[in-house]
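Just so it is clear, none of the values below were taken in a lab; they were calculated from the coordinates. What you see is a predicted model, and the numbers here were worked out from it, not measured in a lab. Cβ sites come from the backbone with ideal geometry, for glycine too, and all protein chains shown count toward neighbours.
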């Protein structure tokens, strides 16, 4: 099992101010780059950076290609993942995506992971994309983008959402025929779509080990029996995500982590329909962090116990608010990670920069995890690779997975 970091560049407004301080965004970017460089030195395998637009405080990562290019020059081995690029054509034209991915792959000496997705509804509205078209646009644009990176020349396309004449889209990526492809998959049905298309599933549903085991089995069954690759090579792999805070004691870890985890969940769910009504957004005038603090005070006053929802999306939000399986002492985290390893999950993505977490404490957490937890799983990863070879037996497609 491999390990990576996952970044949103969360930048809460200061509690005492209606707007950010002048250096807040500068600091969060510089701190993230320091953390990524340190993670590379510690032996983490991946970093994935989101693309989000207009989601104030929740995610200030609107240009992940710039962040990943900067990270490529401060690191040597860690793989650089888009988690994900918005593929609807008004957000990013497929030819521009192909050019940027290929250039980043050359700049980084072949370390790119090409994560794809459709983006959120509020974001789509900002670009004039119809919410009901997002998924279909994702598939059309991703398929053509992969052709652009791997064909010389690209013979052109006449489709539902965009047309393009024949052109040679340059440069071409260092990884042939194209970098490993992923899709954001917070719901089970998207994981199965990924299997059928031969791409990795970035599972953002905070799955338990038992849920992950079930998804792994179903995913690999579909890869073997129903796969029709969207690209020229397949990347069969499953990822799950969780909050991480590693401290000498579990009590200390939970105490330091719970505020960041709670804000991540609150800001993730902000603007989602509640009781059938959609919250009216007020760009530039909202204060999510202040609302979050008031929300937590109300929960504490009411006793704080909340049952886990049955709805899959609501359950994701509830779990995101919890400190989860990867917060605690090194021994506790090791025990929990072994359960995911036994379920044959390929990678764990860990959120370390969420809410108002302290940069120095985050660096200490990375160091403790890197020295006390990571080595055990690195030593056994060859066993997981052998298991993957067994699953791939009889599959004739080209495989370009970095797992």
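Rank the residues 52, 178 as a footprinting-exposure proxy: fewest other Cβ atoms within 10 Å of their Cβ go first. Let's see the in-between values first.
Numbers: 52 19, 178 25.
Fewest-to-most ranking of 52, 178: 52, 178.
Which peptide among 91-104, 119-132 comes first, and what is the full order, when sorted by highest mean count of other Cβ atoms within 10 Å? Let's see the in-between values first.
Details: 91-104: 20.9, 119-132: 16.6.
Ranking, from highest mean packing down: 91-104, 119-132.
Taking other Cβ within 10 Å of each residue's Cβ, how do 232, 2, 176 sort, fewest first?
Values: 232 18, 2 21, 176 14.
Listing 232, 2, 176 from fewest to most nearby Cβ atoms yields 176, 232, 2.
What number, in nm² with one decimal, is the all-direction average of the projected area of the convex hull of the alpha-carbon atoms of region 194-258?
Details: hull surface 22.5 nm².
About 5.6 nm², averaged over all directions.
Counting only helical runs of four or more DSSP H residues, what would the 222 nm mean residue ellipticity of the chain come to if each run contributes -39,500 (n - 2.57) and the total is spread over all its residues?
-14500 deg cm²/dmol
Find the Rg to Rh ratio for region 1-89, where Rh is the Kirkwood radius over alpha-carbon pairs and Rg uses the same atoms.
Working: Rg = 13.8 Å, Rh = 13.7 Å.
Here Rg/Rh amounts to 1.00.
Could you state the orientation-averaged shadow area of the convex hull built on the Cα atoms of the chain, in nm² to one decimal?
Details: hull surface 77.0 nm².
If you wrap the Cα atoms of the chain in a convex hull and average its projections, you get 19.3 nm².
In the chain, what percentage of the DSSP-assigned beta bridges are antiparallel, given to the nearest 5? Write down the numbers at each step before the final one.
On the way: 4 of 38 bridges.
DSSP beta bridges in the chain are roughly 10 percent antiparallel.
Let me know the Kirkwood hydrodynamic radius for region 1-150, please, with Cα pairs as the basis and the value in Å to one decimal. Present the calculation step by step, with values, prior to reporting the outcome.
Numbers: mean 1/r = 0.0618 Å⁻¹.
Mean inverse Cα-Cα distance, inverted, gives 16.2 Å.
What ranking do 239, 107 get, fewest neighbouring Cβ atoms within 10 angstrom at the top?
On the way: 239 27, 107 16.
So the ranking, lowest neighbour count to highest, is 107, 239.
Viscosity 1.306 mPa s, temperature 10 °C: what is the translational diffusion coefficient of region 79-203 from Stokes-Einstein with a Kirkwood Rh over Cα pairs, rounded to a whole number of µm²/s? Intermediate results must be reported in sequence, preceding the final value.
Numbers: Rh = 14.6 Å.
Using the Kirkwood radius from Cα pairs, D works out to 109 µm²/s.
Mind pulling up the Rg/Rh value for region 69-110? Radius of gyration and Kirkwood radius, both on Cα.
Ratio value, two decimals: 1.02.
If you split all Cα-Cα distances of region 129-248 into 10 Å bins from zero, what percentages do you get per bin, shortest first?
In whole percents, the pair-distance histogram is 12, 35, 32, 15, 4, 1.
Which of the peptides 218-225, 154-161, 295-302, 342-349 is most tightly packed, and how do the rest follow, judged by the mean count of other Cβ atoms within 10 Å per residue? Write out the running numbers ahead of the final one.
On the way: 218-225: 16.9, 154-161: 14.1, 295-302: 11.2, 342-349: 21.1.
Taking the mean over residues of other Cβ atoms within 10 Å, the ranking is 342-349, 218-225, 154-161, 295-302.
With the Cα gyration tensor of region 28-70 in hand, convert its eigenvalues to equivalent ellipsoid semi-axes via √(5λ) and list them largest first in whole Å.
On the way: eigenvalues 88, 21, 16 Å².
In descending order, the three semi-axes are 21, 10, 9 Å.
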